[in-house]
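Engineer: After the structure tokens below, expect a handful of questions from me.
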There are 2 protein chains.
Amino acid sequence: MSQMPQNGAIACLAAIAVAIPLSTAAQSTDGFALATDGNGAINVPEIDYRGTWVQLGAFSVSRDKPQRGAKELHVTYAPADAVATYKLNGRFPDGTVLIKDVFAANTEQLSTGLASYAGKLNGRFVMIKNTEGRFADNPLWGDGWGWAFFEGAEMRKTVTKDYKKDCMPCHVPAKATDWLYVRGYPVLAD
Amino acid sequence: MSQMPQNGAIACLAAIAVAIPLSTAAQSTDGFALATDGNGAINVPEIDYRGTWVQLGAFSVSRDKPQRGAKELHVTYAPADAVATYKLNGRFPDGTVLIKDVFAANTEQLSTGLASYAGKLNGRFVMIKNTEGRFADNPLWGDGWGWAFFEGAEMRKTVTKDYKKDCMPCHVPAKATDWLYVRGYPVLAD
């Protein structure tokens, strides 16, 4: 074997090594490894989802006194390959993890008007698409998803006891779109 | 030359071909190619920035009657490598392109409160970091940036005539942070 092809093979391995970390960020099919312990307990993934996933959309929720601006900003993220699949067939694939940051809002009077933006992290809501009916006896799983809320910066211990009581009531208006507020996620329609 | 190394070389080219599009999304240093004609005219980049860039943050702007919710949602994106540089030294590098989607907001009364989310695209604001003082005679350039607003879905013809009159007044409250509302971009502090 001549020297040239060996160098080519080494360059090839280097190219593959560069390609792998770049593509990992886009994986969603390992969502059960990323966001569960394999037995149905749910966690916030230990990854830089804000820096590597796709932001689907932001919801601003008014204060009870709306003249004081927004109370919270809710920002949802999904892996890029799950977004690509959704654009093709209108469904998130099995294993898709969605993470919603719930930020307390800060508000200022600016030239454009009363403006509110993300401040302290109040908590995170994690959903995992489950088309196979896994964990049927676990009250965090059902209606095609795993559901769990985590307060503040907590990533392991959910405060959710029963998704039907704790999570679903707020998602009823989105039942027709698989319990997701896709009407606020313009990137899915791009 | 044996057959094996040739196959290796072909596999290598394939690996590089896969690697290039994945890494392109993260580039910011070619921002002048992406967002200008090379002579100072600014355009909205022809790329999937919502699907491949980092969402820095969202600002919700109240209606004049705030009990009707938000008027607009402003959502800003930057390339991942520019975000990484900012996290290291607190500055966006020369050539960084920032894109702000200005969405008209839709508002609904939901269980969590009066909630507003992105609807129709009203326009886009593009900024390009310019540490080298390029295009000094062009009224779209100055104070370390190129500045241009594009109405609706328009990507080429800006309505901005003079950044000092058209853009800067709204950015004065962010002067201390290089004219950017980084206080609403929590990902930069992660």
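Engineer: Condition first: out of contact with any strand residue (DSSP E or B) (no Cβ under 9 Å at 6 or more places or on another chain) and not in a helix (DSSP H, G or I). Now tell me which residues in segment A:32-48 satisfy that. Reasoning before the result, please.
Structural biologist: So the first thing to find is which residues in segment A:32-48 are out of contact with any strand residue (DSSP E or B) (no Cβ under 9 Å at 6 or more places or on another chain), and the list is A:33, A:37-39, A:46-48.
A:Asp37, A:Gly38, A:Asn39, A:Glu46, A:Ile47, A:Asp48 - these are the residues of segment A:32-48 that are out of contact with any strand residue (DSSP E or B) (no Cβ under 9 Å at 6 or more places or on another chain) and not in a helix (DSSP H, G or I).
Engineer: Which residue is farthest from the other protein chains (Cβ to nearest Cβ), if the candidates are limited to segment A:155-168 and must be closer than 24 Å to A:Lys120 by Cα and surrounded by fewer than 17 Cβ atoms within 10 Å (Cβ to Cβ)?
Structural biologist: Across segment A:155-168, the extreme among qualifying residues is A:Lys157.
Engineer: For B:Val44, state whether it is surrounded by 20 or more Cβ atoms within 10 Å (Cβ to Cβ) and touching a Lys or Arg at 6+ places or on another chain (Cβ under 6 Å).
Structural biologist: So B:Val44 passes the test.
Engineer: Let me ask something else about it. Residues of segment A:142-154 being away from every other protein chain (no Cβ under 14 Å), over 20 Å from A:Pro79 (Cβ atoms) and hydrophobic (A, V, I, L, M, F, W, C), which ones?
Structural biologist: Selection gives nothing.
Engineer: Let me ask another. If you take the residues in segment A:76-112 that are facing chain B (nearest Cβ under 9 Å) and hydroxyl-bearing (Ser, Thr, Tyr), which one is nearest to A:Arg134 (Cα to Cα)?
Structural biologist: A:Tyr77
Engineer: For segment A:29-81, what are the residues that are closer than 10 Å to A:Ile99 by Cβ and among the charged types (D, E, K, R)?
Structural biologist: Residue satisfying the conditions is A:Arg50 alone.
Engineer: Quick check, is B:Pro139 crowded, with 17+ Cβ neighbours inside 10 Å, out of contact with any Cys (no Cβ under 7 Å at 6 or more places or on another chain) and either more than 14 Å from chain A (Cβ to nearest Cβ) or on the phi < 0 side of the Ramachandran plot (or both)?
Structural biologist: no
Engineer: Does B:Ala115 satisfy the criteria of being surrounded by fewer than 16 Cβ atoms within 10 Å (Cβ to Cβ) and either farther than 22 Å from B:Pro79 by Cα or within 11 Å of another protein chain (Cβ to nearest Cβ) (or both)?
Structural biologist: Considered against the rule, which asks whether it is surrounded by fewer than 16 Cβ atoms within 10 Å (Cβ to Cβ) and either farther than 22 Å from B:Pro79 by Cα or within 11 Å of another protein chain (Cβ to nearest Cβ) (or both), B:Ala115 comes out as no.
Engineer: In the list B:Lys175, B:Lys161, which residue meets the criterion of being more than 27 Å from A:Val75 (Cα to Cα) and among the basic types (Lys, Arg)?
Structural biologist: None of the others qualify; the one that does is B:Lys161.
Engineer: Here's something else I'd like to know. crowded, with 20+ Cβ neighbours inside 10 Å and within 11 Å of chain B (Cβ to nearest Cβ) - does that describe any residue in segment A:169-181?
Structural biologist: Yes, segment A:169-181 contains a residue that is crowded, with 20+ Cβ neighbours inside 10 Å and within 11 Å of chain B (Cβ to nearest Cβ).
Engineer: Another question about this same structure. Keeping to segment B:49-72, report how many residues are part of a loop (DSSP other than H, G, I, E, B) and at the interface with another protein chain (Cβ under 7 Å from one of its Cβ atoms).
Structural biologist: Of the residues in that region, 1 qualify.
Engineer: Of (1) within 14 Å of chain B (Cβ to nearest Cβ); (2) among the polar types (S, T, N, Q); (3) in contact (Cβ under 8 Å) with a residue 24 or more places away in the chain, A:Asn130 satisfies all except one. Which?
Structural biologist: So A:Asn130 meets the others, but not (1).
Taken together, the values in this text are just the output of simple stated rules run on the coordinates, not laboratory data. Everything numeric here is computed off the predicted structure, so don't read it as measured data. Note that each Cβ is placed from the backbone with ideal geometry, even for glycine, and that neighbours are counted across all protein chains shown.
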